[in-house]
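Visitor: Input: one structure, supplied below.
Derivation of every value follows stated rules applied to the coordinates shown; laboratory data play no part. Keep in mind that what you see is a predicted model, and the values were worked out from it rather than measured. Methodologically, a virtual Cβ is constructed for each residue, glycine included, from the backbone with ideal geometry; neighbour enumeration extends over all protein chains shown.
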Amino acid sequence: MDGDRISASEARLLFDEAGLIDLGLAADAIRDRLHPERVVTYIVDRNVNYTNICVTRCSFCAFYRLPGDMEEGYLHPKEVLYRKIEETLELGGTGILLQGGHHPTLPLEWYEDLLASFKERYPIHIHAFSPPEIRHIVNVSKRPLEEVLERLKKAGLDSIPGGGAEILADGVRDRISPHKVSADEWMGVMDCAHRLGIPSTVTMMLGGVETLDDRVEHLVRVRDQQDGTGGFTAFIAWTYKPGNTEMGGRETTSADYLRTLAISRLFLDNIPNLQSSWVTQGTGIGQIALRYGANDMGSVMIEENVVRSAGNTSHTSREELERLIVEAGFHPRQRDTLYRLVDRRPWPPAGEASPAANLREPVRRLPRPGTAI
């Protein structure tokens, strides 16, 4: 609370012993310190999956289809993707999140041509190709990583999503995604991208088979990388959804999600933005997450297919996101992929009082042990 950096062992202690409410108070105070303007942002964009054909066969994924699946496997033609972008722009969207499976035959030139065709036609931010996808393109094209990233950037890649991180501990990765990149390879893509001026987000999938030590290792890797390059714009923790997956199991609790989110806010002192995962937790817990360190509600998600494949049914609208933000005591603002505001409306609207006006100011410091709150 004094602004000092906490260690990995201290983060582990918080997982074991800290009260959930205390963690929320502390994370809320840190969020308020980083974002004193009391704005909570969201983005209008679309998750576009250009293919579901994938050779990686991750046990936690219900989205992929193997090569040769003629009934459910697909590779969208450009015309389908163009229509998705046009619909996004018509709805006030500013970007697309473009990801797909590890298609075994698509060359680097296919991705370059696709990006260039988007940029020729549309004024839209392209947030595309998670590190495992990029490593797959490297392997298929037999080109060096730096060359692949430089060519994708030249073709129109604006930033990289933090997908495929799951848990950045190889013991976990060997169990749930043995054919996907290692933790070092995942981080190596991000390191190279950041040094080429390509920003990215970073994610964590919690509640699968990992231990608390694995979660702490993940956070340590992320913070160390951010110390080196500063290229992560946001951290997104989301919970594993077991429906329709080979791995199966049970979904973790919302309390576990909120605890992990709050500790992430305390530990990741060098990443400015934490996103609420209403997609996996529902809008109610997504709103509560704004008091556990999150300062962003993520995307309206005009389209989302991967989590939905695992049985998730959560959905929302711009109006609902703004209502949830206001009810939590914050000012809603639409942003772009790089967290720049695109919504310049005055707040509160002229002649209206802020709905948050009567809420208590955020707790900036925890009381001493034993003090009544």
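Visitor: What's the extension gain from LEU20 to HIS179 if we count 0.36 nm per residue and subtract their Cα-Cα distance?
Guide: Working: separation 159, 0.36 × 159 = 57.24 nm, distance 3.63 nm.
The span from LEU20 to HIS179 would gain 53.6 nm if fully extended.
Visitor: Given H placed 1.01 Å from N in the peptide plane, which residues other than close sequence neighbours of MET297 have an amide H under 5 Å from its amide H?
Guide: HN-HN under 5 Å from MET297: THR41, TYR42, SER276.
Visitor: Continuing with this model, one more query. Can you tell me which aspartates and glutamates have their Cα less than 16 Å from the Cα of LYS154? Leave out same-chain residues fewer than eight positions away.
Guide: Partners found: GLU109, GLU112, ASP113, GLU120, GLU146.
Visitor: Which residues make up the longest stretch of the chain clear of trypsin sites (Lys or Arg not before Pro) that lie in a DSSP loop with no more than 13 other Cβ atoms within 10 Å, not counting the sites?
Guide: Working: sites that count: ARG5, LYS142, ARG250, ARG340, ARG344, ARG360, ARG364, ARG365.
Maximal segment without exposed cleavage sites: 6-141.
Visitor: Go ahead and estimate [θ] at 222 nm for the chain from helices alone: -39,500 (n - 2.57) per DSSP H run with n ≥ 4, summed, over the residue count, rounded to 500. All intermediate terms of the calculation are to be shown ahead of the outcome.
Guide: Details: 13 runs with 151 residues, N = 373.
Helix contribution divided over all residues of the chain: -12500 deg cm²/dmol.
Visitor: Which order do ASP191, ASP227 fall in if you start with the one that has the fewest other Cβ atoms within 10 Å? Present the calculation step by step, with values, prior to reporting the outcome.
Guide: Numbers: ASP191 16, ASP227 10.
Ordered from fewest to most neighbouring Cβ atoms within 10 Å, ASP191, ASP227 come out as ASP227, ASP191.
Visitor: Can you tell me how much longer the chain between ARG5 and GLU86 gets when fully stretched, taken as 0.36 nm per residue apart minus their C-alpha distance, in nm with one decimal? Walk me through the numbers before you get to the answer.
Guide: Numbers: separation 81, 0.36 × 81 = 29.16 nm, distance 4.48 nm.
That works out to 24.7 nm of additional length.
Visitor: Out of residues 5 or more away from GLY208 or on other chains, whose amide H comes under 5 Å of its own, with H placed 1.01 Å from N in the peptide plane?
Guide: Correct list: TYR240.
Visitor: So if each residue of separation counts as 0.36 nm, and I subtract the Cα-Cα distance between THR253 and ASP69, what length gain in nm does that give?
Guide: On the way: separation 184, 0.36 × 184 = 66.24 nm, distance 3.48 nm.
Fully extending the segment from THR253 to ASP69 adds 62.8 nm.
Visitor: Run down the lysines and flag those whose C-alpha is under 22 Å from the C-alpha of LYS180, throwing out any fewer than 8 positions away in its chain.
Guide: LYS180 reaches LYS142, LYS241.
Visitor: Considering the dipole of the chain built from charges on the beta carbon (Lys and Arg +1, Asp and Glu -1) around the Cα centre, which of ASN139, HIS102, MET204 is farthest to its positive end?
Guide: MET204
Visitor: Antiparallel versus total DSSP beta bridges in the chain: what percent is that, nearest 5? It would help to have the intermediate numbers written out before the result.
Guide: Details: 2 of 31 bridges.
Here the antiparallel bridges make up roughly 5 percent for the chain.
Visitor: Here is a follow-up. Compute the helix-to-body angle for 145-155: its Cα long axis versus the longest principal axis of the chain, expressed 0 to 90° and rounded to tens.
Guide: Long axis of 145-155 versus the principal axis of the chain: about 90 degrees.
Visitor: Give me the percent of Cα-Cα pairs in the chain that sit more than 34 Å apart, rounded to a whole number.
Guide: 25 percent
Visitor: Listing TRP186, TRP110 from the residue with the fewest other Cβ atoms within 10 Å to the one with the most, what is the order?
Guide: On the way: TRP186 25, TRP110 16.
Starting with the residue having the fewest Cβ neighbours, the order is TRP110, TRP186.
Visitor: What dipole magnitude, in Debye to the nearest 20, does the chain give about its Cα centre under +1 on Lys/Arg Cβ and -1 on Asp/Glu Cβ? Spell out each step's value before the answer.
Guide: Numbers: 43 positive and 53 negative charges, 99 e Å.
Using only the charged Cβ atoms, the result is roughly 480 debye.
Visitor: Using the charge dipole of the chain (Lys, Arg: +1 at Cβ; Asp, Glu: -1 at Cβ; taken about the Cα centre), state which of LEU20, ALA116, GLY92 has its Cα farthest towards the positive end.
Guide: GLY92
Visitor: Here's a follow-up. Using Cβ counts within 10 Å as a stand-in for footprinting exposure, how do VAL222, VAL80, VAL202 rank, fewest first?
Guide: Values: VAL222 25, VAL80 12, VAL202 28.
The order, fewest Cβ neighbours first, is VAL80, VAL222, VAL202.
Visitor: Right, something else. With both partners inside the range 1-125, how many of the DSSP beta bridges are antiparallel, as a percent to the nearest 5? Write out the running numbers ahead of the final one.
Guide: Working: 1 of 8 bridges.
Taking every DSSP beta bridge with both residues in the range 1-125, the antiparallel ones total about 10 percent.
Visitor: Moving on. Which whole-angstrom value gives the distance between the alpha carbon centres of the range 18-59 and the range 64-102?
Guide: Centre-to-centre (Cα) distance: 23 Å.
Visitor: Provide the net charge surrounding THR51, with neighbours chosen by a C-beta distance below 13 Å and charges set as Lys +1, Arg +1, Asp -1, Glu -1.
Guide: Details: positive: ARG65, LYS78; negative: ASP69, GLU72, GLU133.
Taking every other residue near THR51 into account, the sum is -1.
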